[in-house]
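Inspection log for the structure reproduced underneath, given as structure tokens.
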């Protein structure tokens, strides 16, 4: 019997060959059929020519994390095809472009090999060699669609969606789709293909399929962002480009005036400095970057912290250290983000795990930055940011934008006194004024050097210390404002799993697997630093906690150890840091290994 | 003894309203002289101090914004980053007049990359470099504007060529480029008055000798050396609007340029050739020739009165961006329209 809505496909191509559109069409078709689906693009740091792999996973139970091995592979890249046989599990299917010659020894006997003559299939469709190469990609979608019993109308809609109003492109691609389908019908018609799809009328109702960077860019548009300074860096560039594209369309008035400014800076030193300047003058300002850029932003991050200037950095993590693996994913910047800059600095860090949270946290980050008058870093990663995820449609953000404690001339007059760094409300958060406030008491002198309550230069030991203690108090206030963790508690279980960011896809599946083996677990996804009270509660409720993260040095665990030392002995690390999105098996294996060791000890 | 009431300028402020905190620089520092010229120029120009934002980086010169216009917001930022900080400040509230004071270390070394890119963008601000060729706060190391062959106080001879910030600014498309000397009020006041009104980056490189670390025999930036090598390109005068009182009205063959607020600039030639301030190439040539003669050429090198500042180039509205909040949020229908793409 065929497996329905439960299969994974990996397509191996060369970067720049145009396969991305084909893969997106296939993923979107499955999504529109109501099949839970995830899509991950494993691409090189290269413009064209290097190998790239695209994986689509359909799963009726909703598990869409990366799988180590695929059920189906489509091998289009001669450079890697022989090795790409290893992408498939035993019993899987390999669709090989028949033009690619594979050494006999490399052909695995434990997989079904189907040679597809893509060149012949698309030959009649165009006179242009270049176009035929592109159409070959759509042809494999046609072949798979036929075998997986994907309805042509949904597929054609997704194709039209992909190519927009380019009718000629749509027509030629539709022909390639049909040609692929026809080939499969004629040549594999009587093959008993073990995978198939079935449309679920409602399971993706109210959902969208989107990547986190696009969502974050939209979040900036709807979250009151008026200033962006940035320096292009993979994998964050598409975040700003999403903002620019949408803002240019919807935030320009009839006179052609924009209610936002975007500056592509000369480097990240400048982009964060521009954001700090704009934030100081009162704009909701953000930048986006990745690891190397975050490192360059360290000095200005300290200025934002110490001079108490609102600023937002979106850091879409890639693999470090140094230039690292620019197109692979990692949760390796947690510690550097939290402590970014010299001296005693700690920053509010938001940890979205889905495109939806990327959308909502855009406003949250501005609100917190303006309320707390400090830097807020939003940490996402390449997997969240650049891969397609299915989730609930974003709600319109109705929450008022919080602009923080800003005094105007009238309020200054009433207050009678203004001291920029005085803790009037005992929450560690002082009041500020903005440039151009027409009142003799409004002006103050901002500096990154030591300063007293009035902002005047001071090297006094007591003044310095008291100010730093107030900043610590402000950070305590932050704990009551940051997003709370998402917890899932099962009755009776005393074993917890803690995670953050996008690893919930793998952890959710891992918990399901563990449950089937009799191990019930509780789960908490941390969504911000500093740790709030609810995080502590979770640790209190569990005897043993597995902290899942994608880095070598257990950075979240390090923070737990330093900020909540009472809990760290309960903690065990589950770590993966190979640059790939986390898979469930890794989580299960590592947890079971520790469980086994603990049993032996008893 | 004069007991008359302090005079108010057209914005309704007295000169004392443009003062700042007491300077903590060395007694006799050229920077303090510049500070007093800034106070005078803003008072003369009648700029409301609430409409001014002061900026700086790090260094002796960067401390000076605390010493003038205490009714204006000030931001003493981080080393080398005054330019991008100013870019953000300008775009968040483009209605403000920005004055930035930087040094040769802050601008020509650590901040060089930021500086040239700010010039490309034409951020509307007065950008002053108080240039002494030396790192004062760290006690006398050469900066990148020190001349080759100049001797440090510790006895080292500078083996490197200097960066000419004015030539660099011209290359980078800066729309107002001038050089002056801290001790030359006659030249500096008209330049500051013009800079205040310029719609773009107004860059003035001000030679300001360091009396602590560069005022010795062998230093090419001592007061004596600078006075000896100072050659003016032209004589400048400035007449405030709505008044015929001349501040500095040079005699001789002169050109008069009227500004948008009715004030007038007078440029009088000093040599047989009249330097045309609208010609970038001529300015570069003059600078290069002066450099070959080891002269400090001062004066107004280049001035583009059609300059379009960054906020206009980016088509920003007249309401400052920082005053925009909820009204920037597109409608529910727009969100629906956008999200339909991802269904």
Open item on the list: So, R0 is 45 Å and r is the distance between the beta-carbons of residue B:51 and residue B:282; what FRET efficiency does that work out to, to 0.05?
Closed with: 0.85
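Please report the antiparallel percentage of the DSSP beta bridges confined to the protein assembly as shown, to the nearest 5. The partial results should precede the final answer.
Working: 51 of 136 bridges.
In the protein assembly as shown, DSSP labels about 40 percent of beta bridges as antiparallel.
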Task: For chain B, built as a Gaussian network whose Cα springs stay under 10 Å, the top-fluctuating residue of B:165, B:91, B:69 - done: B:91
TODO: With a point put 7 Å past each Cα toward its Cβ, work out how far residue B:343 is from residue A:1 in nm, to one decimal.
DONE: 3.4
Task: Using a Förster distance of 60 Å, the FRET efficiency for residue A:520-residue A:411 (Cβ separation, nearest 0.05) - done: 0.60
Task: In degrees, nearest ten, helix A:152-163 long axis to first principal axis of chain A (Cα) - done: 50
Open item on the list: Pick from B:322, B:221, B:124 the residue whose mean-square fluctuation is largest in a GNM of chain B, springs joining Cα atoms under 10 Å.
Closed with: B:322
Task: segment A:75-127-segment B:127-179 distance, computed between alpha-carbon centres (Å) - done: 65
- [ ] Convert 37 °C to kelvin, take the viscosity as 0.692 mPa s, use the Kirkwood radius over C-alpha pairs of segment A:3-203 as Rh, and evaluate the Stokes-Einstein diffusion coefficient in µm²/s, rounded to a whole number.
- [x] 195
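Going by how many other Cβ atoms sit within 10 Å of their own, how do B:102, B:23, B:263, A:8 line up, fewest first?
Working: B:102 30, B:23 17, B:263 21, A:8 24.
The most exposed by this proxy come first: B:23, B:263, A:8, B:102.
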Task: Rounded to 10°, Cα long-axis angle of helix A:584-601 versus longest principal axis of chain A - done: 70
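I'd like the Kirkwood hydrodynamic radius of chain B, using the inverse of the mean 1/r over distinct C-alpha pairs, in Å. Kindly include the intermediate steps, with their values, before the conclusion.
Numbers: mean 1/r = 0.0478 Å⁻¹.
Every distinct Cα pair counted, the radius reaches 20.9 Å.
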Task: Cβ-derived FRET efficiency at R0 51 Å, residue A:127 paired with residue A:342, nearest 0.05 - done: 0.20
Open item on the list: Taking just the alpha carbons, could you work out the radius of gyration and Dmax for segment B:34-86, both in angstroms?
Closed with: 11.2, 31
- [ ] Pop a pseudo-label 7 angstrom from the Cα along the beta-carbon direction at both residue A:460 and residue B:293 and give the gap in nm to one decimal.
- [x] 5.6
Task: Cβ crowding within 10 Å averaged over residues, with A:278-287, B:131-140 ranked highest first - done: A:278-287, B:131-140
- [ ] With runs of 4+ DSSP H residues as the only contributors, calculate the mean residue ellipticity of the protein assembly as shown at 222 nm using -39,500 (n - 2.57) per run, divided by the residue total and rounded to the nearest 500.
- [x] -10500 deg cm²/dmol
- [ ] Describe numerically, in nm with one decimal, the distance between label points set 7 Å from Cα along Cα→Cβ at residue A:203 and at residue A:107.
- [x] 3.6
TODO: Provide a whole-number value for the mean count of partner chain Cβ atoms within 10 Å of the Cβ atoms in peptide A:257-265.
DONE: 6
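I need the shape label for segment A:486-601. Rule: rounded when a/c is under 1.5, else prolate if a/b > b/c, else oblate, with a, b, c from the alpha carbon gyration tensor.
Details: a/c = 1.33, a/b = 1.12, b/c = 1.18.
Rounded shape, in that the Cα axes give a/c under 1.5.
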Open item on the list: If you average the C-alpha positions of segment A:334-384 and of segment A:128-148 separately, how far apart do those two centres end up, in angstrom?
Closed with: 42
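Taking the mean number of other Cβ atoms within 10 Å as a proxy for protection, how do you rank A:155-166, A:181-192 from highest to lowest?
Numbers: A:155-166: 17.0, A:181-192: 13.8.
Ranked from most to least packed, the peptides come out as A:155-166, A:181-192.
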Task: Partner chain coverage, peptide A:432-442 - average Cβ within 10 angstrom - done: 5
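Rounded, prolate or oblate: which fits the protein assembly as shown when a ≥ b ≥ c are the square roots of the eigenvalues of the alpha-carbon gyration tensor, with rounded for a/c under 1.5 and prolate only if a/b beats b/c? Present the calculation step by step, with values, prior to reporting the outcome.
Working: a/c = 2.38, a/b = 1.84, b/c = 1.30.
It is prolate, given that a/c is not under 1.5 and a/b is the larger ratio.
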Task: Highest to lowest packing among B:24-37, A:114-127, scored as the average C-beta count within 10 Å - done: B:24-37, A:114-127
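Rounded, prolate or oblate: pick one for segment A:409-460, where a ≥ b ≥ c are the square roots of the eigenvalues of its C-alpha gyration tensor, a/c under 1.5 means rounded, and failing that, prolate if a/b is larger than b/c, else oblate.
Values: a/c = 2.24, a/b = 1.38, b/c = 1.62.
Judged from the Cα gyration tensor, segment A:409-460 comes out oblate (a/c at least 1.5, b/c at or above a/b).
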- [ ] Report, in degrees rounded to the nearest 10, the 0 to 90 angle that the Cα long axis of helix A:237-250 makes with the longest principal axis of chain A.
- [x] 80
TODO: Give me the distance between the Cα centres of segment A:395-409 and segment A:269-291, rounded to whole Å.
DONE: 19
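Mind checking A:449-459 for the average number of partner chain beta-carbons within 10 Å of each residue's beta-carbon? Before the final figure, lay out the partial values.
Details: counts 3, 0, 1, 0, 0, 0, 2, 2, 5, 0, 0.
For peptide A:449-459, the averaged partner shielding equals 1.
State the antiparallel share, in %, of DSSP beta bridges confined to segment B:15-327, rounding to the nearest 5. Write out the running numbers ahead of the final one.
On the way: 21 of 51 bridges.
Antiparallel: roughly 40 percent of the beta bridges in segment B:15-327.
Read-outs: derived from the displayed coordinates by stated rules, not from any lab. What you see is a predicted model; the values in this text were computed from it and never measured. Cβ sites come from the backbone with ideal geometry, for glycine too, and all protein chains shown count toward neighbours.
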